[in-house]
Every structure is written in C-alpha cells, then in structure tokens.
1. Answer yes if at least one residue in the stretch 94-104 is surrounded by fewer than 19 Cβ atoms within 10 Å (Cβ to Cβ) and among the hydrophobic types (A, V, I, L, M, F, W, C), and no otherwise.
2. Of everything in the stretch 114-139 that's touching an Asp or Glu at 6+ places or on another chain (Cβ under 9 Å) and charged (D, E, K, R), which residue is surrounded by the most Cβ atoms within 10 Å (Cβ to Cβ)?
3. With the requirement that a residue be surrounded by 12 or more Cβ atoms within 10 Å (Cβ to Cβ) and without any contact (Cβ under 8 Å) to a residue 12 or more places away in the chain, what does the stretch 21-48 give you?
4. Looking for something touching a His at 6+ places or on another chain (Cβ under 8 Å), part of a strand (DSSP E or B) and buried (at least 19 other Cβ atoms within 10 Å of the Cβ) - is there at least one such residue anywhere in the stretch 49-70?
5. Which one is farthest from the chain's Cα centre (by Cα), of the residues in the stretch 85-98 that are in a strand (DSSP E or B) and farther than 15 Å from GLU177 by Cα?
6. Here is a list of conditions, (1) within 16 Å of the chain's Cα centre (by Cα); (2) of a type in the set (D, E, K, R); (3) modelled with pLDDT under 95, and GLU130 meets all of them except one; can you say which number that is?
7. Identify the residue in the stretch 149-158 that is within 19 Å of ASN193 (Cα to Cα) and not hydrophobic (A, V, I, L, M, F, W, C) and, among all such residues, is surrounded by the most Cβ atoms within 10 Å (Cβ to Cβ).
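The values are calculated or read from the model by the stated rules, or taken from the named source; none is laboratory data. From a predicted model like this one, the values you see are computed outputs, not experimental measurements. Neighbour counts run over all protein chains shown; Cβ positions are idealised from the backbone, glycine included.
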Amino acid sequence: MKQILILLALVFFFACSKKETEPVSLFNGVDFTGWHIDVPAMDNNDTVPSPFIVRNGMLVSLAEPQGHIITDKVYSNYRLEVQYRFAGEPGNCGVILHASTPRLLYDMFPKSIEAQLMHENAGDFWCIREDIKVDNMEARRGDPAKWGTSEGMLRRIVNLTDGSENAVGEWNKMVVECLDREIKVWVNDDLVNHGYGCTASEGQIALQAEGSEVEFRKVTLQPIEKLSE
C-alpha cells in the first residue's frame, strides 16, 4: 500500500510540474496587429515594399528585402507552433526566439536564438549574440576555439535528424518549447533539437524575410506556467 501511495504521489508531482493554458493565435489572419516590421531597407525609402504581407488569411514572408516581423510583446515559458511551407523555390527563413536588441548582428538580426527553417536544415540553432548548449556540442558545432555568437564565429548548431521535413510545397509543423533556459524543437513531431543553459530566457518572437517566400498558416503560442517546487 505504501508503494502505491508513493507511486501516486510521483505521478501527481510530474503531472503538476507544468501548468498549461490554451494556445492563442499570434496572427489574426487580417493584419499585423501585435507585430512590427523591422527591415533596414525600408528605413529611409518609402517606396520600398514590405516583405511581409497578408494573403488568403496567411502571413507571408516574400524574402526580399530582408528583415524581420517581430511581436510587440515579450514572452517566456511557452510552446510556439508554426505551420509553414515554401510557396515556390525552397530556401532560407527562420523563427527567432528570445529576441531583444535589434540589428545587433550584420546590422539586421536581433539578439536572439534562431530556430532554422531553411530547407533540409529545419531545427538547426543559430546563435545571434545569445548562446545555448547542446549534447555532443563539438560534433555539432565544430572547433570549440571558433565558437561564438558574433560575425565570423561558429554560430550554427546542427539539428539531430535528417528527413523530418515534408516535400517542398507541403505543409510543415514546427513546435518550439521554451521553458526557463531550455529550448526544444520538433519538426513534424520529430524532436530535432534540444538546447539548455541558454543565455536568455525571454524575449520577443520574430519571423524572417531571408532567402525564399514562405507562407505561415498558423502561428500560435501556448503559455506554460512552471509551478514552484
């Protein structure tokens, strides 16, 4: 009987270690309420078109000119889901996590951790003036002497899987869970990356215009409240 009570207590503890609420959509399907656009090429030229548009209820990144669409709010402890596809030729894009200081890398990228969407590389981490650790770090990042978070350093941490993405033109699902200083990434339900010891635990969320046209039909966030121990 005592063992059963202990087992039930453990089950209750783990079940209550996270308190989850319902997901909310960050994109309303009509306009960019709750977001702002940061595109250097648009700073001093009113004729430059935005690379972010709403089309058929979807948030669309047109790739050029390069930049970001960024949430107005700062978030921590959440599960983010984006459903995306390359509308034409596959290429580059990304989901930016824990964004803060704008244009801190190459005068365009905000201080952040990127969860890569680039075709055949979805789930890679890119360190953008923030850093994160993973298992088998040297094998996945290269020479430790060259690790860094600024221009010219080894900022990419390769994902854990091959073949998790669907065929070009089909929809993909990326789920990112940020909890304290830990980040987990799933692509189409495959765990493709797991980082810990991140140098940031909160920030804005952003989507990139960088390389290829990408359609986003879903961008939702589910807050996670970690209960006190």
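1. yes
2. Going through the qualifying residues, I end up with GLU114.
3. ASN28
4. Initial filter on the stretch 49-70 (touching a His at 6+ places or on another chain (Cβ under 8 Å)): 69-70.
Filter again for part of a strand (DSSP E or B), leaving 69-70.
Retained after the next criterion (residues that are buried (at least 19 other Cβ atoms within 10 Å of the Cβ)): 69-70.
Within the stretch 49-70, one or more residues are touching a His at 6+ places or on another chain (Cβ under 8 Å), part of a strand (DSSP E or B) and buried (at least 19 other Cβ atoms within 10 Å of the Cβ).
5. Applying the first criterion (in a strand (DSSP E or B)) to the stretch 85-98 yields 85-86, 94-98.
If we keep only those that are farther than 15 Å from GLU177 by Cα too, we end up with 85-86, 94.
Details: ARG85: 15, PHE86: 17, GLY94: 7 Å.
Here the answer is PHE86.
6. Result: GLU130 fails condition (3) only.
7. Keep residues of the stretch 149-158 that are within 19 Å of ASN193 (Cα to Cα), which gives 149, 154-158.
Among the residues that remain, those that are also not hydrophobic (A, V, I, L, M, F, W, C) are: 149, 155-156.
Values: THR149: 20, ARG155: 22, ARG156: 16.
By that ranking, first place goes to ARG155.
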